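Please read the structure below before turning to the comments.
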Amino acid sequence: MRDTFNRKIDYLRISITDRCNLRCRYCMPEEGVPSVGHGQVLSFEELFRVARIAVENGVRKIRLTGGEPLVRKGLIPFVERLSQLPQQPELSLTSNGLLLADQAVELKRVGLQRVNISLDTLNPQRFEQITRRPGLDQVLAGISAAETAGLWPLKLNMVPIRDVNSAEIADFARLTFKHDWQVRFIEFMPVTGGLDYPPESRVPADEIFEIISAIGPLKQIERKGPAGPARLYQFEGAKGVVGVIPAVSDHFCGECNRLRLTSDGFLRPCLFCDDEVDLRTPLREGCSDEELAQLLSGAVQIKPERHRIAEEPVVADRRRKMQGIGG
Ligand code: SAM
Ligand code: SF4
């Protein structure tokens, strides 16, 4: 599928639930968000149908996200079905890692290839302060289970927030000396109003780079394969790689290859724009595969050229918060 700016769209992110077992302050309010009603959430059968048609129309990468994808029952058979699609899309998952220790082996067995684990601090008190829940040890156990299970390459995602965890940027980068991980710093995105951190909390990518380059000699790594948003670096003698994702300061929309499916069945052509295409209604009214394929291609056609989040930071009444889209 190609959009009107000639970008090839071959990556689908599926949010399988908007529920989460954490309450990260940059993502969700304390009370959580009004959960999408049970009947509105697409069943795994419906999610699979959309994924199958997307794959038949050129999608080659599927990432499962949420909310927290590991809290939804039925994930394992869903991954297994996706892995049996004849086109064999690349399958990955983004998780906060809390439940990963229990599920990593099974996920790998049924065909999951990779996992991105979100972790913003190595300090247990700060973990609880940011996520409003305890659980650092569980996440660390999840990381090691994923590694042992062979979910590789393992990526750690850290969102630096000024005066909250920004002093830990160097510690996270140093993890790559010991571990063969990709440790990625993602600029805080001030996409929703009413959350705890103001837009000024964002630590810009250039500043992140300055901090990590003060640690030691760093070389830039050429990206292999399909374009992703991370700028990659490696310290001399390190096992792993450091990534910096300038999500706000240097949009990478020109290379964007993504579509997002929300758990209640809406396709979003852009993370930052509220335009959506309703798939749930036609799915439940018995539309054909051809009609569904047309809706997918329609969503691709309305993909905007670029987002304007740097110019218009906070969208107070945004229809969905990050956990409702999947990041
Ligand atoms: N619960 C899973 C997790 O935390 O990995 C998957 C969903 S979460 C919405 C996906 C990613 O979005 C996480 O890496 C999280 O850190 C990131 N995220 C959420 N809100 C963000 C924000 N305002 N700015 C930058 N990243 C954000
Ligand atoms: Fe949950 Fe992930 Fe959002 Fe944290 S970032 S509240 S773990 S969905």
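Nothing in this text is a laboratory measurement; each read-out follows from the coordinates by a stated rule. For clarity, every value in this text was computed on a predicted model and none was experimentally measured. Reconstructed Cβ throughout: ideal geometry from the backbone, glycine too, with neighbour counts over all protein chains shown.
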Residue with peak Gaussian network fluctuation, the chain [Cα springs, cutoff 10 Å], from 159, 55, 33: 33
Spatial separation of Cα centroids for region 12-61 and region 87-149, in angstrom: 17
Residue-by-residue Karplus 3J(HN,Hα) for region 206-223, coefficients 6.51, -1.76, 1.60, Hz, glycine and proline x: 4, 5, 4, 4, 4, 5, 6, 6, 6, 6, x, x, 10, 10, 7, 9, 5, 7
Cut-off 11 Å between beta-carbons: net charge of the residues surrounding residue 238, Lys and Arg +1, Asp and Glu -1: +2
HN-Hα J in Hz across region 186-191 - Karplus 6.51, -1.76, 1.60, θ = phi - 60°, x for Gly and Pro: 10, 4, 4, 10, x, 8
Whole-Hz couplings from phi, Karplus 6.51/-1.76/1.60, listed for region 108-122; x for Gly and Pro: 5, 4, 8, x, 5, 9, 9, 9, 10, 10, 8, 8, 10, 7, 9
The chain - share of DSSP beta bridges that are antiparallel (%, nearest 5): 30
Magnitude of the charge dipole, region 233-275, Cβ model with Lys/Arg +1 and Asp/Glu -1, debye to 20: 160
Dipole moment magnitude, nearest 20 debye, the chain about Cα centre, only Lys, Arg, Asp, Glu C-beta charged: 620
Positive-end extreme of charge dipole, region 217-296 - chosen from 218, 263, 279 (charges on Cβ): 218
When each of 8/108; 155/303; 61/108; 108/155; 108/219 is checked by Cα-Cα distance, pairs over 22 Å: 8/108; 155/303; 108/219
Exposure proxy order (Cβ contacts within 10 Å, fewest to most) of 118, 144: 144, 118
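Would you mind calculating the relative contact order of the chain from Cα pairs under 8 angstrom and at least 6 residues apart, reporting the percent as a whole number?
Averaging sequence separation for qualifying contacts and normalising by length gives 22 percent for the chain.
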Highest-fluctuation residue, 80, 31, 45 considered, GNM on the chain with Cα pairs under 10 Å: 31
Amide H partners (placed H, <5 Å) of residue 118, local residues excluded: 95, 96, 97, 157
